[in-house]
Structures are given as C-alpha cells and as structure tokens.
Amino acid sequence: MYFNSQGEESITYDAIVIGSGISGGFAAKELCEKGLKTLVLERGKMIRHPDYPTANLDPWDFKYRDRLPASELIDYPVQSRDGHVRESTRHLWVNDHENPYQEVKPFAWLRGYHVGGRSLMWGRQCYRWSDLDFEANARDGFGVDWPVRYADIAPWYDYVESFAGVSGAPEGLPQLPDGKFLPPMELNCVEQHLREQLQQHYTDRVMTIGRAANLTQSLHGRGACQFRNRCNRGCPYGAYFSSNAATLPAAEATGNLTLRPHSIVHTILFDDETQRAAGVLVLDAEARTYHEYRARVIFCCASALGTTWILLNSTSPRFPDGLGNDSGELGHNLMDHHFKIGATGRIDGFDDKYYKGRRPNGTYLARFRNLDPKTPDSRFLRGYGYQGGASRSNWMRSVRELGIGAEIKDAMMEPGPWHMGLTGFGEMLPYHDNKVTLDTNKLDAYGLPTLAIDCEIKENEHAMRKDMAEAAAEMLEACGFRDVHTYDSGYVPGLGIHEMGTARMGHDPKTSVVNKHNQLHAVRNVYVTDGAFMTSSACQNPSITYMAFTARAADHAVTSLKKGEL
C-alpha cells in the first residue's frame, strides 16, 4: 500500500545509493562514471555547491557573534555537546528533538542530514591504514580477521587521494603509509622545533604536518585553500573535499545522476524468488508519502548507524532480524575513536616569531605503541596517535581586564606565549556488547522507530588513555617545554564522530555481515561501504578508508553486473 503508482520504468534505475556523504558521494561518482543510471537518496535537505549561506560572514555579521543563547541551543542538546553548533553552523546539525535516540549508556550521536552529509563538516584528516591495522584482529585474537590486506586497498587509496586532493609530507613510516600527496602545509616554528627534538630524543616518534583533504594547489577545477579556517561552514572555493564540491558534480556531469533529497529510506525490499534486493521503500519527508524505487544494485552509505537502522528495519520472512543478518552480528561491534586527553606546555625562545594565516590543519604524531608484534605492550592492545598544534595566545587573554589604561592596551597589542598541545586519538576494540538495536517504543518525528545505543569504552581503552596523557607530557618535557600539564576533558563514545562497525566485514558469513567486496554475504547486490563495514577501528581518521573501499566496491559491482552475477 506504500508503493507509488507511477509506471515501473519511471522508478527503475541501475543503481541506488543511500546517502550522499563521504561514501555516498564517491559511490555516486563511480557508478555514474561507469555508465549506471544512479539514484542518490538523501534523507535531508538540498545544499548546492557553492551556496553555503554563512561561508563569508564575519563574527559581527551574526546576531549573537556566532554563538547561540541557551534558548536556541535547546533544540541541540546532543549536537552541541562538543561545541559544534554555532550560529554559523546550526543549519548543518540535526534537531535532536526531531531525531531522538536512546542512550542506554552515554553516546553522542552527532549528525548532519542534508545533501553532502558530514562531508561538509568533517575534520578532513586523511591517514592510510597499514597491515599493522588490517592484521590486528588476527594477530591478537580480538574480533574477526579482516578479509583484506593493505595490498588490496593501496591502489584504491592512490585512486581516491588523486581525485580528492590530500596535502601532506611523505615520512616513510610503515605504520602510516605515504600517499599521493599535494604539497604539504607548513609547520610553524614551534611545531618544527618539537619535530626536531622528538627525533633527537626518540627513535620511534615522528611528528608531521597533518595529512588533510585541503587543496594546496588547484585540482580538477576546485580552487586552492585560502587559509580562512571556515571549513565547517562549507567552502565556496571547493578547496576541501566534500561531496557537494567534488564527487556529486562529477556524477552529475555524466548525465546519469538523479539526486532526491527529503527521501528517508524505510526499507530495502527483498525478493524471495531471486534472493536479491529488488529496491527500496522511501518516505518523502515533506509530503509524508511512500514511494518504491527499484534497482539492480544498492549501495548503503547512510553512515554506520544510519545504514544499520535501515538493515535492521528491513525485515522479511527470510530475514526476520534484519536484512543480511544471518550471523546475528548486525548492530554489534560499535566503535569510535576515544580522545580528548593529552598534554599541553609552554615554550620560550620564539618570542620574535609568529605565523601567517589561519591554517585549517594541525600536526600528527604517528602511532609508536605496539608496532612490533614480538614485543607487545603488557598494558593494552593496539595503539594511538596524536593530533595537535602550536600557537601564540592573543588579545583574548586580556578579556578578564586584569589591568587598566595604557597597560592593558599595550598588553593586548603584544602576542602572548607559545603553547603546544597534543591530543591522543586511540583505537577502540570491537566489543560484541557495544551495540545498537531498534527501539519501537520511542519514535522520531516521522513515526519511525529509533535506535537504542549501548556502548562504552572498557579496560583496554582506559589503560591506553592513561598512557596517552603520560606519554604526551613526557615528550613535551623532554623536548624543552615547561608548565606541562596533562588533561582529560571528558570523553564518551560518539564524540569522535567516527562511528564504525555494526555490519562488519569478514571471511565467514557466520561471524560477519559483509564479505571482502563489501557485499552482504546473503544478498550480493547490496553493498555497505560507510563506516558500518569496519571490522576494527585502528587509530587513524577513517574517511579516506571509506572512500577507498567505496571506489573498490563500485568497481566490483559494475564488473559483476556486466558478468550477470548480480
């Protein structure tokens, strides 16, 4: 009764992509460029590049100087937990009252429902995985083995980096493979000092400029970064990689793209006769009417938890517990990156130096724990890296007005001391009992069931966090910094905005949800290429890995379609 009454020809496509963010945009580009008529379904509103309404506004252009009063933050109790929601960005974050979920344990589910998704809001850090990461589960026995290795993914890293544009410096580190880099941004004087001092004091510590999807030179018609550091508002120059600026325009240029916003995918429809997915059932978020769209192949790119919601909601006699859920692993093994812990310090001797511009990037100190399987750390499994940067305090240090007249005016004209901060980003193990389930009692604004999220960090992560703070302080002190302090500003899962797992990849259909090509084991024309397929989390930002797997899966899907295998 939900299906629309249009003729089948008008609602049939070669491929359907659910979601338009990092992975959905790349899936759309690849499928369209390979000749498939592709429908992209985005549950949120339309945002077109370069029409970002706040991109060129200054603080004084906003009523509240780019802050929101409590009376307006009331709609964002979750989204505002880590300071993301401001006057300039609130249109990119979901209204929590319209999009509720249950926190069985504290979990910050930070989301953006619009064309481009979180590709408009991400931190743009791009770090390849190595076999240290792909072999981790097999090596220490936690979780299931990845059915791929670095050699399988390396060509696809090359491919997506060459299109997306990643600036960075090669370092020759086996645990952090080099990529196809644009010229790197520069370390400032204090960051360069710390890099050199680390090399003098340690044999295993390398700090480099962040590897960022910000263009340092024009690429594929997109302009170079202007160093405005307003990336979280959308970039009218297309200088950082987003679906809106890069992949969706490439898909549209083929003439094969149909993009439908305000389209909430309710169910993936399963055909008992063919044992394949036939299409999707979509709720029009504006008209509140249901429509059916059919396709030969479906890519799930709605974000880890969004995709898992759809799969759990797609029940049938064949799959009573969710589409492709023969293993019972769907919804389990939820991961994030734990962070918000590290150390800061001051340094003397650079008072005659400053920096220019607002570099939208920081530093990266590569993982150095548990690199050699023969000498594991007895305190915890896996490892962590550090992101950070150095800067000088400015006039804002005088807002307390601890002075008067010429004294305070002169002080405000002089830059303050140099500070360096190191924030650890640690790997979270894939625990089976970190999970999401459908909550049919708590409904969203559209009358649909919501997710109940039950996730926490455990003993291994707590032991790692202790080391993350202590090691950061030790390094800063060894390298000449003073007034060094450790900090832990409070982490709960989700704050990393790196949700992974819940439909993990594996060799065995009995213990995993998708195979090495990102296909559901039991429904081969459904591919999962967002964070849901991740079998472990490593400690690196994951988006470039999603892109690589998505391009690889699209190539596999088109090849399989041509062979008649789907």
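A short reminder: the numbers here are calculations on the coordinates, not readings from a lab. This one's a predicted model, so the numbers in the text were calculated from it and none came from an experiment. Cβ: placed from backbone, ideal geometry, glycine included. Neighbour counts: every protein chain shown.
Would you grab the residues whose amide H sits under 5 Å from the one on Leu451? Only those 5+ places off in sequence or on another chain, please, with H modelled 1.01 Å from N.
Gln102, Asp439
Quick one: pull the percentage of alpha-carbon pairs in the stretch 255-318 with a separation above 15 Å. All intermediate terms of the calculation are to be shown ahead of the outcome.
Values: 1115 of 2016 pairs.
Counting pairs separated by more than 15 Å, the tail of P(r) holds 55 percent.
Fully extended, how many nm does the chain gain between Glu470 and Asn441 (0.36 nm per residue separation, minus their Cα-Cα distance)?
In short, 6.0 nm is gained.
Collect residues whose amide H, placed 1.01 Å from N in the peptide plane, falls under 5 Å from the amide H of Leu495; neighbours closer than 5 in sequence don't count.
Ala108
Counting just the Cα atoms, what span does the stretch 125-171 cover along each of its three principal axes? Round to the nearest Å and put the largest first.
36, 19, 16
State the answer as a single residue: which of Pro249, Gln102, Met500 lies farthest towards the positive end of the charge dipole of the chain, with beta carbon charges of +1 for Lys and Arg and -1 for Asp and Glu, about the Cα centre.
The Cα lying farthest towards the positive end belongs to Pro249.
Would you report the distance distribution of C-alpha pairs in the stretch 210-276 as whole percents per 10 angstrom bin, up to the bin with the largest distance?
Reading the bins upward from 0: 17, 33, 25, 15, 9, 1.
First check a/c for the stretch 507-566, with a ≥ b ≥ c the square roots of the eigenvalues of its C-alpha gyration tensor; if it is under 1.5, answer rounded, and if not, answer prolate when a/b is larger than b/c or oblate otherwise.
Details: a/c = 3.11, a/b = 1.40, b/c = 2.22.
In terms of gyration-tensor shape, oblate.
If you take all C-alpha pairs in the stretch 407-566, what percent of them are over 19 Å apart? Each step should come with its number before you reach the end.
On the way: 8879 of 12720 pairs.
That fraction is 70 percent.
What distance in nm separates the two pseudo spin-label positions at Asp61 and Gln217, each 7 Å out from Cα along the beta-carbon direction?
Here the modelled spin labels are 3.1 nm apart.
First select every other residue whose beta carbon is under 11 angstrom from the beta carbon of Ser391; then total the charges, Lys and Arg +1, Asp and Glu -1. It would help to have the intermediate numbers written out before the result.
On the way: positive: Arg358, Arg359, Arg392; negative: Glu191.
With Lys, Arg at +1 and Asp, Glu at -1, the net is +2.
Mean shadow of the stretch 275-383, computed from the convex hull of its alpha carbons, in nm²?
Computed as one quarter of the Cα hull surface, the answer is 15.5 nm².
Along the charge dipole of the chain, Cβ charges K/R +1 and D/E -1, which of Pro417, Ser543, Leu73 sits furthest on the positive end?
Pro417
Quick one: Debye curve from the alpha-carbon atoms of the chain only, equal weights, vacuum; give me log10 I(q)/I(0) at q = 0.07, 0.08, 0.12 Å⁻¹ to two decimals.
-0.40, -0.53, -1.21
In the chain, what % of DSSP beta bridges are antiparallel (nearest 5)? The partial results should precede the final answer.
On the way: 54 of 77 bridges.
Antiparallel: roughly 70 percent of the beta bridges in the chain.
Let me check the size of the stretch 344-399 from its C-alpha atoms; what are the radius of gyration and Dmax in Å?
Gyration radius and largest Cα-Cα distance of the stretch 344-399: 17.6, 53 Å.
List the residues whose amide H sits under 5 Å from the amide H of Gly385, counting only those 5 or more places along or on another chain, with H placed 1.01 Å from N in the peptide plane.
Phe425
I need the phi-derived Karplus couplings for the stretch 263-273: 6.51 cos²θ - 1.76 cosθ + 1.60, θ = phi - 60°, integer Hz, Gly and Pro marked x.
10, 8, 6, 8, 8, 8, 7, 9, 9, 4, 5
Roughly speaking, what is the stretch gain from Leu173 to Lys458, that is 0.36 nm per residue apart minus the C-alpha to C-alpha distance, in nm to one decimal?
Length difference between fully extended and current span is 99.7 nm.
For the chain, find the longest principal axis of its Cα atoms and tell me its angle to the long axis of helix 150-164, 0 to 90°, nearest 10.
The two axes meet at around 80 degrees.
Principal axis lengths of the stretch 1-159 from Cα atoms, whole Å, largest first?
Its Cα atoms span 53, 52, 37 Å along the three principal axes.
Hey, got the dipole for the chain? About the Cα centre, +1 on K and R Cβ, -1 on D and E Cβ, debye to the nearest 20?
880 debye
How many percent of the alpha carbon pairs in the stretch 312-357 exceed a separation of 16 Å?
Details: 702 of 1035 pairs.
Summing the P(r) of the stretch 312-357 above 16 Å gives 68 percent of all pairs.
Please work out the FRET efficiency for the pair Glu477 and Ser162, using the Cβ-Cβ distance as r and a Förster radius of 51 Å; give the result to the nearest 0.05.
It comes to 0.80.
With a Cα-only, solvent-free Debye model of the stretch 47-132, what are the log10 I(q)/I(0) values at q = 0.15 Å⁻¹?
Each listed q maps to, in turn, -0.67.
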